[in-house]
Amino acid sequence: MEKLTIAGRSFRSRLMVGTGKYTTFHEMKAALDESGAEIVTVAVRRVNLEEREESLLSYVDVHRYFLLPNTAGCKTADEAIRTAHLARAAGLSNWVKLEVIPDDGTLLPDPVATVEAAEALVKEGFVVLPYTSDDHHVARRLLEVGCATVMPFGSAIGTGQGLPHPERLKRIIDMVAGRVPVVIDAGIGAPSDAALAMELGADAVLINTAIAKSENPIQMARAMAMGVEAGRLAYLAGRIPRATTASPSSPATGLIGSTL
Amino acid sequence: MDVNVNINGKARWIDANTTVEQLIKQLDLANERIAVEHNRIILEATQFPSITLKSGDALEIVRFVGGG
């Protein structure tokens, strides 16, 4: 399959995976390996000074995986910008998955603050991958301020509700028109959701909960990778249009007992 | 222990003339990939040895954890 290119950097896999919510780091590592993903998201948090905790990076080989720090937990543009600076200072890259999410239980992004933070970070030289809703006007703003991708949700974070509004995602994909990759981030619950996202013409998907909280994250990681690949191939192959009348797949002529 | 600083939201007493680099070693974080913010200014790792902590200083020390 052709490569996914974001801000001049190419990746073989079109599946990005998160590192949160796993039962153990060992399980997470095995699932990451099985997913074939190259881009993995991480969060930025205070070091726990009271109790020694194992380091995530002992399990994620930074030479194999490209770490994408997020600004999860940030409720304002200022907090997100500050977190992006800290992530960059940790010394892996100047990429950031921008999330500005007010704490009201919906995990819906604040579109105004997201665009504001994205613009500021792009001006500072960050490669910004913003989490956004499926509103194409917001996606357009993010594109205009120079984001490296647009990452609309399929449905709310962690719900596994899939893609209840594929037409909205298609509208964003058509509006972006290949200028930057469109990554469907959040809401995917099953490989069929991932395949549908790719069939719509998304360039990649980002999955965390649906793998980490499945009964067998390692198997599910592989299943998601297959869903993404199947969906991408189907998109490239071009699916048939939906018809309202049936048409037989076998010849309508040469039937036994026919009189003509 | 005669300098009071705030580290990750908690007050701590440290020795006078402790540098950021020394503090990170004392906290056993020298081999971790971390970022440090000193009084709201993010430090480059090259600055760690040259900054001596004073009473009232606030530090944020962060690292990468699992996330989506």
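What follows is calculated from the coordinates using simple rules that are stated; it is not laboratory data. These numbers come from a predicted model, not from an experiment. Reconstructed Cβ throughout: ideal geometry from the backbone, glycine too, with neighbour counts over all protein chains shown.
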Legend entry - Exercise: per-residue mean of other protein chain Cβ atoms within 10 Å, A:45-51: 6
Legend entry - Residues of the stretch B:1-31 with amide N under 15 Å of the 7 Å Cα→Cβ point at B:Ile41: B:20
Inset, instruction - Treat the protein assembly as shown as a sphere of radius equal to its Kirkwood radius over Cα pairs and apply Stokes-Einstein at 37 °C in a medium of 0.692 mPa s; give the translational diffusion coefficient in µm²/s, rounded to a whole number. - result: 153
Inset, instruction - On a 0 to 90° scale, report how tilted helix A:25-35 is relative to the longest principal axis of chain A, with both axes built from alpha carbons and the result rounded to the nearest 10. - result: 40
Legend entry - Charge context of A:Ala87, other residues only, Cβ under 13 angstrom, K/R +1, D/E -1: +1
Inset, instruction - Could you work out the relative contact order of the stretch B:3-63, using alpha carbon pairs under 8 angstrom and six or more residues apart, expressed as a whole percent? - result: 51
Inset, instruction - Could you tell me which of rounded, prolate or oblate describes chain B, using a ≥ b ≥ c as the square roots of the eigenvalues of the alpha-carbon gyration tensor, with rounded for a/c under 1.5 and, failing that, prolate when a/b is larger than b/c and oblate otherwise? - result: prolate
Legend entry - Packing-based exposure ordering (other Cβ within 10 Å, fewest first) of A:Glu119, A:Glu124: A:Glu124, A:Glu119
Inset, instruction - Any chance you could run the full-extension gain for A:Met1 through A:Glu167? It's 0.36 nm times the residue separation minus the Cα-Cα distance, nm to one decimal. - result: 57.2 nm
Inset, instruction - Can you tell me the FRET efficiency between A:Glu51 and A:Ser10 if r is taken as the Cβ-Cβ distance and R0 is 41 Å, rounded to the nearest 0.05? - result: 0.50
Legend entry - Relative contact order for the stretch A:4-237, counting Cα pairs under 8 Å that sit 6 or more residues apart, in percent: 21
Legend entry - Entries of A:Lys170/A:Lys213; A:Lys21/A:Lys97; A:Lys97/A:Lys123 with Cα pairs more than 21 Å apart: A:Lys170/A:Lys213
Legend entry - Whole-number percent relative contact order across the stretch A:1-87, with pairs defined as alpha carbons under 8 Å at least 6 apart: 25
Inset, instruction - Please label the shape of the stretch A:95-220 as rounded, prolate or oblate, based on the square roots a ≥ b ≥ c of the eigenvalues of the alpha-carbon gyration tensor (a/c under 1.5 means rounded; beyond that, a/b larger than b/c means prolate, else oblate). - result: prolate
Legend entry - Alpha carbon centroid spacing (whole Å) that separates the stretch A:157-197 from the stretch A:106-136: 17
Legend entry - Cα-projected label distance for A:Ile240 with A:Thr259, points at 7 Å along beta-carbon direction, nm: 3.2
